[in-house]
Amino acid sequence: MKVNEWTQLWLDHHRMYEGSGVWALELAGFDKDRAVIKSAIREFKRGMEALTGEKTLETASGSDTHKLIISQNSALSKESYHFEGSADGITLEALDENGVLYGVFAILRQIACGKKADQVSEKAAPSNPLRMMNHWDNMDGSIERGYSGESFFFENEEIIIDDRTRDYARFMASVGINGVVINNVNVKGAASYLITDRYFDKVKELSDIFGEYGIRLYLSLNFASPIEIGDLDTCDPLDKKVITWWEEKVKEVYDRLHSFGGFLVKADSEGRPGPFTYGRTQADGANMLGDVIKPYGGIIIWRCFVYNCTQDWRDTRTDRARAGYDYFMEQDGTYHDNVILQIKNGPMDFQIREPVSPLLGGLKQTNQMLEVQIAQEYTGHQIDLCYLIPMYKEVLDFHTHCGSEKDTVADVVSGRTMGNELAGMAAVINTGNDKNWTGNDLAAANLYGFGRLSFNTELTSEEIAREWIAQTFNLPEKETEILCSMLLRSREIYEKYTSPLGIGWMVTPNGHYGPSVDGYEYSRWGTYHRADHLGIGVDRTDKGTGYAQQYYEENARMYNDPLTCPEELLLFFHHIPYTWMLKTGKTLLQHIYDSHFEGEEEARGLATDWDKLQGVIPKESFDRVKERFLLQLDNAREWRDQVNSYFYRKSGIPDQKGRTIY
Ligand code: GCV
């Protein structure tokens, strides 16, 4: 692909005003020849010129010269920055190079959002030490759960490096991302060889480009590497031969990749190998790798997505939701200090509504980070509009009641609760090689939003939406309001026309787009809704699977009782009769009917709102999104009618409003 065959997303840099001066740079405490500083200067020049028409010159001294003075301030914390604009220019202070880069991007952001250079000002420090993107890119170029084309990292088992690679790194750095895992957690075939000579040169090149933007490269690891790419017949983490094999391998990796971040590991999950095969614990596996990588300053990110995926649907005692906690809590306190557990936001799998995983904050002496999914696997495949930031905010704001004053998920994963430094947030990214990177142009709001939120968890969903709209489209006020409202409504709308009240699933198996109410009901995946002619929902109380008891007392009590359980999660925790009266005064069944009719209608409202933006959104973007809205309407209609018909046929209870149900 050639330059300019892809969009610049939120770094499009619209002309905001006509400046009349030039800029000169002054550096104190930072070396202008260092890669990250060079990137910062390059971005400043490029951004300022596009946004204001003002050039940055090597030497300038006339009366129209503004100065960008970048200086080191040892009183600031890691990766933080402080800048102030004035008639003379802008002063930018940071402790380290990443802080400078983030500061420059923040200056450009403020100008793109409407400030003049002399008005910019901000003091910011990242909420989370680790702010990571996880790619599920495969080396044949496909992307697991990718909805935006093919991988821009891999093709035909080779690594691609081109101008797009650099733009990707720029975008990530501009929202504060400092770690990227380039390959799928399901490590198979050629991907197992990423830690061998076959790929070192290219991985190094990629890592160097990332490094110029303050990003560390990480790799997903095949736990069975000693067998698959070595010549051992075991990968038992306590076996001496295995440990020696890893020691040599990791040395080789760091000999070639000096700034390598570490490994992300999916073990004992969905067919991936792991320590359980040898009767070992997850901690045995994670700690062995942690010890091996420690001398190099690397880390092991160990995923907690471990559950039985060959369950019998007849078995009502085994509960997939319990699995993460059951497997990982017992070893709390035994994970080594360079190991961090990566925990999905909910106990199941990225549904439109799930409770927060009880492992978050449940673990009291273990490094932990939050994993969310920007890729819309269960939330509309980047066809349906679903702005996910409100969901991430809910998760971050959740009080775990873990006993500390700092007890929200945001506190826990930032390291504030336990005072640990290895902490943060990761997201399964939604990018691909589509021209617009994210399939649906509006899905870029989720990509942007995750980065911004991981850097500053205090930002609101609306602030993030407005920033993204301003930088991407620079719309007039009325149109900004329309688009902002569309984004903010979209998650709830998607929820309304899909599965009700936290029950989840009901999607077409495997692909996960569109309805299939019983699609996962009689399968092996542990994903059941248990609907019969009287009611629906999974009893996860103390009388059921006991999942609710995995939370601290206050939350356990709340979830255990259907009267105090938040209604949006009612069916996740309880089996409820269709005639059950909700707080709205509607029966459960009437709520299902109403929300599905409303959801479909509101989806049409989104599409109508989009039409109002014709002429102000660039035509290519407008058409791409419009096309997707047409598909979303079909999808919403299908969900509405299949879900409503399903429950009408099961219960025999008609809609009180007499609408058509099939
Ligand atoms: C990468 C879900 C997805 C899988 C994914 C898995 C995971 O089950 O459907 O595609 O595999 O989560 O998070 O590991």
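With respect to Gln342, is the statement that it is within 13 Å of the ligand (Cβ to nearest atom) and of a type outside the set (Val, Ile, Thr) true?
Yes: the conditions hold for Gln342.
Just to be sure I understand, how many residues within the stretch 290-309 are outside any helix (DSSP H, G or I), modelled with pLDDT of 95 or more and at negative phi?
Summing the residues that are outside any helix (DSSP H, G or I), modelled with pLDDT of 95 or more and at negative phi in the stretch 290-309 gives 8.
In the stretch 442-468, how many are outside any loop (DSSP other than H, G, I, E, B) and free of Cβ contacts under 8 Å to residues at least 24 places away in the same chain?
The total comes to 1.
For the structure I just gave you, tell me whether Asn287 is at pLDDT below 95 and either of a type in the set (S, T, N, Q) or not in a loop (DSSP other than H, G, I, E, B) (or both).
It is false that Asn287 is at pLDDT below 95 and either of a type in the set (S, T, N, Q) or not in a loop (DSSP other than H, G, I, E, B) (or both).
Condition first: more than 16 Å from the ligand (Cβ to nearest atom), farther than 22 Å from Asp539 by Cβ and out of contact with any helix residue (DSSP H, G or I) (no Cβ under 8 Å at 6 or more places or on another chain). Now tell me which residues in the stretch 292-328 satisfy that.
Listed by number, the residues that qualify are Lys294, Pro295, Gly297.
Out of the residues in the stretch 184-220 that are in contact with an Asp or Glu (Cβ under 6 Å, 6 or more places away or on another chain) and within 16 Å of the ligand (Cβ to nearest atom), which is nearest to Asp231 (Cα to Cα)?
Ser192
Tell me which residues, restricted to the stretch 31-79, are touching a Leu at 6+ places or on another chain (Cβ under 8 Å), of a type in the set (Gly, Ala, Ser) and closer than 16 Å to Val104 by Cα.
Ser39, Ala40, Gly47, Ser71
Of the residues Lys188, Lys123, Lys204, only one is touching a His at 6+ places or on another chain (Cβ under 8 Å) and among the basic types (Lys, Arg); which?
Of Lys188, Lys123, Lys204, the one residue that is touching a His at 6+ places or on another chain (Cβ under 8 Å) and among the basic types (Lys, Arg) is Lys123.
When only residues in the stretch 172-183 that are of a type outside the set (S, T, N, Q) and not in a loop (DSSP other than H, G, I, E, B) count, which is farthest from the ligand (Cβ to nearest atom)?
Ranking the candidates gives Ala173 first.
Within the stretch 253-275, how many residues turn out to be within 16 Å of the ligand (Cβ to nearest atom) and over 21 Å from Gly214 (Cβ atoms)?
Of the residues in that region, 10 qualify.
Output yes when any residue across the stretch 349-363 is assigned to a strand (DSSP E or B), closer than 30 Å to Arg604 by Cα and within 16 Å of the ligand (Cβ to nearest atom), and no when none is.
no
Having 2 or more residues that are farther than 30 Å from Lys188 by Cα is the bar; report the strands (runs of 3 or more DSSP E) wholly within the stretch 42-141 that clear it.
Qualifying strands (runs of 3 or more DSSP E): 55-57, 65-72, 81-86, 89-94, 121-124.
Under the condition of being assigned to a loop (DSSP other than H, G, I, E, B) and more than 16 Å from the ligand (Cβ to nearest atom), which residue from the stretch 429-441 is farthest from Arg624 (Cα to Cα)?
So, considering only residues that are assigned to a loop (DSSP other than H, G, I, E, B) and more than 16 Å from the ligand (Cβ to nearest atom), the one farthest from Arg624 (Cα to Cα) is Asn433.
Please return the ranges of helices (runs of 4 or more DSSP H) entirely within the stretch 556-662 where 2 or more residues are over 27 Å from Leu488 (Cα atoms) and either in contact (Cβ under 8 Å) with a residue 40 or more places away in the chain or of a type outside the set (Phe, Trp, Tyr) (or both).
It comes to 619-651.
Results for (1) small (Gly, Ala, Ser); (2) closer than 25 Å to Tyr448 by Cβ, shown as yes or no for each residue.
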{"site": "Ala60", "(1), (2)": "yes, no"}
{"site": "Asp64", "(1), (2)": "no, no"}
{"site": "Gln72", "(1), (2)": "no, no"}
{"site": "Ala75", "(1), (2)": "yes, no"}
{"site": "Gly85", "(1), (2)": "yes, yes"}
{"site": "Leu101", "(1), (2)": "no, yes"}
{"site": "Leu108", "(1), (2)": "no, yes"}
{"site": "Ile111", "(1), (2)": "no, yes"}
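Under 6 Å between Cβ atoms, which residue pairs at least 6 apart in sequence (or on different chains) link something in the stretch 150-178 that is without any contact (Cβ under 8 Å) to a residue 40 or more places away in the chain with a partner that is of a type outside the set (Phe, Trp, Tyr) and buried (at least 22 other Cβ atoms within 10 Å of the Cβ)?
Pairs that qualify, where the first residue is without any contact (Cβ under 8 Å) to a residue 40 or more places away in the chain and the partner is of a type outside the set (Phe, Trp, Tyr) and buried (at least 22 other Cβ atoms within 10 Å of the Cβ), are Phe154/Asp137; Phe154/Met139; Glu157/Met139.
Residues of the stretch 142-171 being part of a loop (DSSP other than H, G, I, E, B), crowded, with 17+ Cβ neighbours inside 10 Å and either at pLDDT below 95 or more than 20 Å from the chain's Cα centre (by Cα) (or both), which ones?
Within the stretch 142-171, just Ile160 meets the criteria.
For a quick check of your reading of the model, give me the residue pairs whose first member lies in the stretch 405-428 and is in a loop (DSSP other than H, G, I, E, B), whose second is within 16 Å of the ligand (Cβ to nearest atom) and at pLDDT 95 or above, with beta-carbon atoms closer than 8 Å and at least 6 apart or on different chains.
Taking only residues 6 or more apart or on different chains, the pairs are Ala423/Met369.
For the stretch 564-588, how many residues meet the condition of being closer than 17 Å to Val643 by Cβ and in contact with a Ser or Thr (Cβ under 6 Å, 6 or more places away or on another chain)?
2
Among the listed residues Asp332, Asp337, Asp407, which satisfies the condition of being farther than 18 Å from Phe450 by Cα, touching a His at 6+ places or on another chain (Cβ under 9 Å) and surrounded by fewer than 21 Cβ atoms within 10 Å (Cβ to Cβ)?
Answer to the selection: Asp407.
Does any residue in the stretch 197-221 that is among the β-branched types (Val, Ile, Thr) come within less than 6 Å, Cβ to Cβ, of a residue that is surrounded by 19 or more Cβ atoms within 10 Å (Cβ to Cβ) and part of a strand (DSSP E or B) six or more places away or on a different chain, and which pairs are these?
Short answer, once both residue conditions are applied: Ile215/Val180.
Please verify whether the stretch 238-258 includes one or more residues that are under 25 Å from the mean Cα position of the chain (by Cα) and at pLDDT 95 or above.
Within the stretch 238-258, none of the residues are under 25 Å from the mean Cα position of the chain (by Cα) and at pLDDT 95 or above.
I'd like to verify a number: residues in the stretch 106-144 that are of a type in the set (A, V, I, L, M, F, W, C), more than 16 Å from the ligand (Cβ to nearest atom) and farther than 23 Å from Val413 by Cβ, how many?
Total meeting the criteria: 7.
Kindly indicate the residue of the stretch 504-525 that is under 24 Å from the mean Cα position of the chain (by Cα) and over 26 Å from Thr587 (Cβ atoms) and also surrounded by the fewest Cβ atoms within 10 Å (Cβ to Cβ) among those meeting that condition.
Asn510
Is it true that Tyr387 is of a type in the set (Phe, Trp, Tyr) and either assigned to a helix (DSSP H, G or I) or within 16 Å of the ligand (Cβ to nearest atom) (or both)?
Taking the combined requirement at face value, the residue does not satisfy it.
Just checking, does the stretch 612-621 include any residue being touching a helix residue (DSSP H, G or I) at 6+ places or on another chain (Cβ under 7 Å) and among the β-branched types (Val, Ile, Thr)?
yes
Would you please name the residue that is farthest from Tyr168 (Cα to Cα), looking only at residues in the stretch 190-229 that are aromatic (Phe, Trp, Tyr) and surrounded by fewer than 20 Cβ atoms within 10 Å (Cβ to Cβ)?
Tyr193
The values are calculated or read from the model by the stated rules, or taken from the named source; none is laboratory data. Just so you know, these numbers come straight off a predicted model, no measurement behind them. In this analysis, Cβ positions are derived from the backbone assuming ideal geometry, glycine residues included, and neighbour counts consider all displayed protein chains.
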